[in-house]
């Protein structure tokens, strides 16, 4: 589903993408609309604001010590300063209000409810220059990993 979304977005603007997810993770049961909103945010809030630069998205995945699965969406977009990034992290853990967007909040909450309290969404700076959104799913926290 995410690959199809990226192909559609390539018709709208200049975007390159790469998916580096091991085969054993491709069949991982993931809550609907967990990964796609992160890709959409990367495009809308990071890549669409680039000038004269090809937007780049990297989706990767790995298993950490057989304890957790990590799926990341990184971009080379405009990124965020540390204050804005910390505010985004904080908002994803608060109760949902009318003033905030619900995409990041929904993804974070669904990870916690599906995979346990240590699981969730971690936002940080990407080595590509933009933002890195990482879904973390602990195996012992839920029934699906």
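Bear in mind that the values in this text are calculations on the coordinates, not laboratory data. None of the values given here were measured: they were computed from a predicted structure. Here the Cβ positions follow ideal geometry from the backbone for every residue, glycine too, while neighbour counts run over all protein chains shown.
Label sites at residue 1 and residue 64, each approximated as a point 7 angstrom past Cα along Cα to Cβ, lie 2.5 nm apart. Per-residue Cβ neighbour counts within 10 Å put 92, 124, 60 in the sequence 124, 60, 92, beginning with the fewest.
Of the options (i) 45, 37, 24; (ii) 37, 36, 26; (iii) 46, 33, 25, only one is Cα extents along the principal axes in Å as computed from these coordinates, and that is (i). Taking a ≥ b ≥ c as the square roots of the eigenvalues of the Cα gyration tensor, an a/c ratio of 1.5 or more together with a/b no larger than b/c marks region 47-92 as oblate. Pairs of alpha-carbon atoms within less than 8 angstrom and 6+ residues apart define the contacts here; what relative contact order does the chain have, in percent? Across the chain, relative contact order equals 24 percent.
For 132, 91, the sequence from fewest to most other C-beta atoms within 10 Å is 91, 132.
Approximating the spin labels as points 7 Å out from Cα along Cα→Cβ, the residue 13-to-residue 122 distance works out to 2.8 nm.
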